[in-house]
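Enquirer: Below is one structure. I have some questions about it.
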Amino acid sequence: MSKKTKTTASYLSQWQLIRLRFFKHKLAAASLFIVVGLYVVAGFSEFFATYSTDMMNINQQYNPPMPVKFNFSDGLYVNKVKRNIDPVSFHKEYTETDEKIGLTFFGKGHSYKLWGVIPCSRHLLVATNTTEEIGTDKETFFYLFGSDKYGRDIYTRLIAGARVSLSIGLIAIAISFVLGIVIGGISGYVGGKTDLIIQRIIEIIGGFPKLPLWMAIAAAMPQDWSPLTVYFCITVVLSLMGWTGLARTVRSKLLQLREEDYAVAASLLGASHSRIIFKHLIPGFTSHIIVTLTMRVPGMILGETSLSFLGLGLRPPVVSWGVMLQDCMNMQAVALYPWLLLPLFFIVASVLSLNFLGDGLRDAADPYSAK
Amino acid sequence: MKEKSCNKLEESKVARDAVDSSSLEQPLLRVRGLCKYFPIFNKGIMRKQIGIVKAADGISFDLMPGETLGIVGESGSGKTTVGRTILRALDPTDGEVSFFCDNDIIDLATVPRKRLKKLRTKMQMIFQDPFSSLNPRMTVRDIVAEPLIIHKMAKGKELEDKVTEMLIKVGLQPEHKMRYPHAFSGGQRQRIGIARALIMKPLLVVADEAVSALDVSVQAQVINLMKDLQQDLGLTYIFIAHDLSVVKHICDKVAVMYAGKIVELAKTEQLFKDPKHPYTRALLRAVPSPDPNIKMEFGLEGEVADPGKLPPGCAFHPRCRECFDKCKSEIPELLQLKKGGLLSCHINSENKKEK
Ligand SMILES: Nc1ncnc2c1ncn2[C@@H]1O[C@H](COP(=O)(O)OP(=O)(O)OP(=O)(O)O)[C@@H](O)[C@H]1O
Ligand SMILES: [Mg+2]
């Protein structure tokens with residue numbers, strides 16, 4: 001280390017040091033970009049999607065993915081397909097024809113309302129149809145990742161599902177964050193009997209078998225609830241199970257930091273409890289909180305997908321990765337139309353990158369790590 | 001360097017002695033029968049109290065404005081407990097701590113928490129560990145300015161000026177303001193801690209082993225700094241140490257503690273010249289030890305008394321060379337000596353009888 005970097009290091013705050021260390025961790029840095037990318041796509045899903053999620057086209061059921069091609073005269077294009085139905089098995093086969101469908105970036109497609117408010121009709125990549133053609137029989141369809149049994153666009157549904165699946169993790173995390181900080185904070189700062197009782201409750205919750213609990217809750221959930229209520233309910237269930245880990249982190253850190261001389265010093269300076277907690281104690285482990293939270297998001301995502309896959313969670317018409325995977329219950333369908341498994345790829349990709357991100361953050365935040 | 005500081009100290013002490021005897025001034029701090037007991041719990045699921053640690057037991061002394069009281073004793077003798085209980089970092093079990101401030105006498109032992117906040121501007125603490133006593137996530141400026149911000153004593157430019165002035169006073173450079181504590185050496189960090197404690201111009205400062213964690217050469221610098229600041233700001237110190245040689249340079253009087261009790265209290269000179277208590281004598285024998293790592297080697301046999309399980313009679317008797325029968329059964333009282341000073345030892349009463 002040269003002398004210059006040494007002197008600047010003394011002016012770097014904790015966060016700047018963490019950032020420096022984090023970006024040395026290549027896998028974690030790459031994961032960060034993937035995660036941010038996924039969330040951006042989920043946030044603007046209507047724009048990134050090609051169609052609306054409930055667009056059906058019975059003429060193109062189980063259409064395989066259409067590879068995007070490029071040449072200089074036509075630009076980006078896909079080949080149109082022709083459907084033949086096997087007269088014996090009714091199995092539908094699609095063959096590429098020479099006819100081309102041109103693709104345009106930021107072209108006009110189905111109109112939608114961004115976040116349910118802003119009216120818009122631009123999409124990232126659409127097939128060239130004139131406005132009159134859209135919604136009629138003349139419309140030519142572009143299935144980037146293929147279509148499902150109702151001829152719905154898998155790519156569109158994947159992106160819409162990302163919004164639900166990824167956000168449910170975040171919202172559940174936000175709720176368990178509040179619960180964890182408050183309950184863990186009380187446990188650690190007050191101590192004594194309160195602490196004892198809270199710890200026992202945490203142990204009981206931690207010892208609960210998850211699957212039976214979920215099934216019981218699903219059974220208790222009225223069938224006529226709106227998808228939104230179900231979504232909210234699932235989030236609450238996930239977060240009620242998920243706050244205990246954070247509460248433990250917060251508690252043990254508070255117990256440890258409370259005894260630090262600088263906390264005693266602050267109280268001897270006349271600082272109020274809230275000043276001590278928020279100015280001196282919590283900043284001492286915000287990095288730990290962030291790491292704990294990041295590490296738990298994948299668990300939440302998996303929780304939602306497995307619940308929905310089992311039919312205990314979200315139900316159609318809500319689109320989530322777990323709901324999409326319900327189509328894969330049928331082994332034959334999976335064998336014949338493997339693109340139905342694409343949600344799995346996205347689940348694995350997002351869970352892995354969130355895990356790598358959490359790992360990288362933990363290594364960067366831990367002042368005692370070797371690097 | 002040490003020699004120079006000694007001379008300087010001698011002068012100021014002579015001056016203070018004169019003040020002491022000439023006027024019956026109001027003491028800044030009057031501690032009477034201060035006790036702090038810690039309950040001991042067992043480790044099971046049901047918390048049950050299984051004993052009590054008398055970490056401080058019947059501590060009494062007076063402290064005049066501008067004076068420095070040293071508190072010495074082995075590890076676990078209750079020095080920190082006494083210091084923290086006086087400042088109400090811990091709630092005392094019993095006793096009285098009269099603090100004279102703003103022409104008013106306040107009992108710190110019972111004053112409600114609400115009023116305590118204002119009193120924090122008048123009494124401060126300097127900590128032993130220069131590493132854990134500074135929040136690693138705050139800049140030097142934020143650390144030193146915090147007391148002023150908490151008590152809304154300054155704002156904006158005035159605040160910055162005060163911080164700069166204080167930093168210069170403790171021998172740091174104003175350019176260091178935006179640095180984080182990890183960029184400083186132990187001695188410099190201790191100076192930051194001193195700046196934080198003194199920026200509100202308190203009356204009473206408890207320095208809990210403020211130099212124990214430092215190198216010997218740095219120790220002298222910090223002690224000199226504290227002495228200069230004392231004269232500058234008219235501070236009254238309670239200076240806690242486990243090392244008599246440190247105390248010698250800064251204190252006007254010294255209280256020797258053993259197992260939660262003061263066993264001897266005397267003017268520094270008198271204590272060094274004519275130590276009465278066998279424990280004090282043992283401590284003094286250990287002073288020339290040049291190795292800072294051997295802290296507990298006092299030329300004493302046996303273990304330090306466990307304040308949770310004290311022997312009957314005088315707590316020191318199992319290790320005392322001059323122990324006799326009475327020591328094993330009767331607890332000696334802290335009594336005034338004719339020559340001045342206080343002593344809690346049966347030798348004292350024996351002598352009295354003889355006389
Ligand atoms: N919070 C506490 N709970 C229980 N016992 C305590 C607590 N704080 C201190 N003690 C006990 O009180 C006694 C005195 O401790 P104290 O820290 O005051 O000693 P000390 O003289 O400052 O020692 P050192 O030189 O090691 O700093 C010790 O036996 C210690 O175990
Ligand atoms: Mg101590």
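The values are calculated or read from the model by the stated rules, or taken from the named source; none is laboratory data. This is a predicted model, so every value here is computed, not measured. Note that each Cβ is placed from the backbone with ideal geometry, even for glycine, and that neighbours are counted across all protein chains shown. For the accessible areas, the whole protein counts, side chains as well, though only heavy atoms, and no ligand, DNA or RNA atoms are used. Shrake-Rupley method; radii C 1.70, N 1.55, O 1.52, S 1.80 Å.
Enquirer: Looking at B:Asp57, B:Asp62, B:Asp102, B:Asp94 in this structure, which one is farther than 30 Å from B:Leu310 by Cα, out of contact with any helix residue (DSSP H, G or I) (no Cβ under 9 Å at 6 or more places or on another chain) and away from every other protein chain (no Cβ under 11 Å)?
Expert: Going through B:Asp57, B:Asp62, B:Asp102, B:Asp94 in turn, the sole match is B:Asp102.
Enquirer: Inspect the range A:257-276 for any residue being crowded, with 21+ Cβ neighbours inside 10 Å and modelled with pLDDT under 80 and give the result as yes or no.
Expert: Checked against the condition, which is being crowded, with 21+ Cβ neighbours inside 10 Å and modelled with pLDDT under 80, the range A:257-276 yields no hits at all.
Enquirer: Moving to a separate point now. Just give me the residues in the range B:69-97 being open to solvent by less than 20 Å² (accessible area, probe 1.4 Å) and more than 12 Å from ligand 2 (Cβ to nearest atom), in sequence order.
Expert: B:Leu69, B:Gly70, B:Thr85, B:Ile86, B:Leu87, B:Arg88, B:Val97
Enquirer: Additional query: Are there any pairs, at least 6 apart or on different chains, whose C-beta atoms fall under 6 Å, with the first in the range B:171-185 and at pLDDT 85 or above and the second among the basic types (Lys, Arg) and surrounded by 16 or more Cβ atoms within 10 Å (Cβ to Cβ), and if so, which?
Expert: Pairs found: B:Gly171/B:Arg191; B:Leu172/B:Arg191; B:Lys177/B:Arg141; B:Pro181/B:Arg189.
Enquirer: What number of residues within the range B:175-209 satisfy the criterion of being touching a strand residue (DSSP E or B) at 6+ places or on another chain (Cβ under 6 Å) and within 10 Å of chain A (Cβ to nearest Cβ)?
Expert: Total meeting the criteria: 4.
Enquirer: Can you name the condition, by its number, that A:Val334 falls short on among (1) touching a Leu at 6+ places or on another chain (Cβ under 8 Å); (2) touching a residue at least 24 places away in the same chain (Cβ under 8 Å)?
Expert: Condition not satisfied by A:Val334: (2).
Enquirer: Among the candidates A:Ile205, A:Ile171, single out the residue that is at pLDDT below 85 and open to solvent by 50 Å² or more (accessible area, probe 1.4 Å).
Expert: A:Ile171
Enquirer: Taking the range B:208-236 as the search range and keeping residues that are in a loop (DSSP other than H, G, I, E, B) and more than 16 Å from ligand 2 (Cβ to nearest atom), which one is nearest to B:Ile86 (Cα to Cα)?
Expert: Of the residues in the range B:208-236, the ones in a loop (DSSP other than H, G, I, E, B) are B:209-215, B:234-235.
With more than 16 Å from ligand 2 (Cβ to nearest atom) added as a condition, the list becomes B:215, B:234-235.
Working: B:Asp215: 28, B:Gly234: 20, B:Leu235: 16 Å.
Residue satisfying both the conditions and the ranking: B:Leu235.
Enquirer: Looking at the range B:169-182, which of its residues are within 29 Å of B:Ala241 (Cα to Cα), assigned to a helix (DSSP H, G or I) and open to solvent by 30 Å² or more (accessible area, probe 1.4 Å)? Spell out the reasoning first.
Expert: First pass over the range B:169-182, keeping only residues within 29 Å of B:Ala241 (Cα to Cα): B:169-173, B:180-182.
With assigned to a helix (DSSP H, G or I) added as a condition, the list becomes B:169, B:181-182.
Within the range B:169-182, B:Lys169, B:His182 meet the criteria.
Rundown of residues vs (1) among the acidic types (Asp, Glu); (2) within 10 Å of chain B (Cβ to nearest Cβ), yes/no style:
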residue: A:Ser252; (1), (2): no, no
residue: A:Gln256; (1), (2): no, no
residue: A:Glu260; (1), (2): yes, yes
residue: A:Ala263; (1), (2): no, yes
residue: A:Gly270; (1), (2): no, yes
residue: A:Ser274; (1), (2): no, no
residue: A:His280; (1), (2): no, yes
residue: A:Ile289; (1), (2): no, no
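Enquirer: Give the residues of the range B:65-91 that are near ligand 1 (Cβ under 8 Å from one of its atoms), within 14 Å of another protein chain (Cβ to nearest Cβ) and farther than 25 Å from B:Lys227 by Cα, sorted by residue number.
Expert: B:Leu90
Enquirer: Which condition from (1) in a loop (DSSP other than H, G, I, E, B); (2) aliphatic (A, V, I, L, M); (3) under 27 Å from B:Ser77 (Cα atoms) is the one that B:Met200 breaks?
Expert: With respect to (1) in a loop (DSSP other than H, G, I, E, B); (2) aliphatic (A, V, I, L, M); (3) under 27 Å from B:Ser77 (Cα atoms), B:Met200 is out only on (3).
Enquirer: Okay, moving on. In this structure, does B:Val256 turn out to be among the hydrophobic types (A, V, I, L, M, F, W, C), within 27 Å of B:Cys35 (Cβ to Cβ) and either open to solvent by 20 Å² or more (accessible area, probe 1.4 Å) or at pLDDT 90 or above (or both)?
Expert: Considered against the rule, which asks whether it is among the hydrophobic types (A, V, I, L, M, F, W, C), within 27 Å of B:Cys35 (Cβ to Cβ) and either open to solvent by 20 Å² or more (accessible area, probe 1.4 Å) or at pLDDT 90 or above (or both), B:Val256 comes out as yes.
Enquirer: Hey, among B:Phe100, B:Phe131, which residue is away from ligand 2 (no atom under 16 Å from the Cβ), open to solvent by 20 Å² or more (accessible area, probe 1.4 Å) and farther than 29 Å from B:Cys314 by Cβ? Show your work before the answer.
Expert: Values: B:Phe131 fails: away from ligand 2 (no atom under 16 Å from the Cβ).
None of the others qualify; the one that does is B:Phe100.
Enquirer: Where residues in the range B:142-168 are within 12 Å of chain A (Cβ to nearest Cβ) and more than 15 Å from B:Thr121 (Cα to Cα), which of them is most open to solvent (accessible area, probe 1.4 Å)?
Expert: B:Asp142
Enquirer: Given the conditions (1) within 11 Å of chain A (Cβ to nearest Cβ); (2) within 16 Å of ligand 1 (Cβ to nearest atom); (3) open to solvent by 70 Å² or more (accessible area, probe 1.4 Å), which single one is not true for B:Arg113?
Expert: (2)
Enquirer: In addition: Does A:Ser226 satisfy the criteria of being at pLDDT 80 or above and either closer than 30 Å to A:Val319 by Cα or open to solvent by less than 50 Å² (accessible area, probe 1.4 Å) (or both)?
Expert: Judged against the criteria, A:Ser226 is not a match.
Enquirer: Now for a separate question. Among what's in the range B:238-251 and is open to solvent by less than 10 Å² (accessible area, probe 1.4 Å) and away from ligand 2 (no atom under 16 Å from the Cβ), pick the residue that is farthest from B:Lys36 (Cα to Cα).
Expert: By that ranking, first place goes to B:Ile250.
Enquirer: Hey, can you tell me all the residues within the range A:237-270 that are touching a helix residue (DSSP H, G or I) at 6+ places or on another chain (Cβ under 7 Å) and among the aliphatic types (A, V, I, L, M)?
Expert: A:Val237, A:Leu238, A:Met241, A:Leu246, A:Ala247, A:Val250, A:Leu254, A:Leu255, A:Leu257, A:Ala263, A:Ala266, A:Leu269
Enquirer: So for the range B:266-281 (the condition being open to solvent by less than 70 Å² (accessible area, probe 1.4 Å), within 16 Å of ligand 1 (Cβ to nearest atom) and at pLDDT 85 or above), does at least one residue qualify?
Expert: Yes, that holds for at least one residue.
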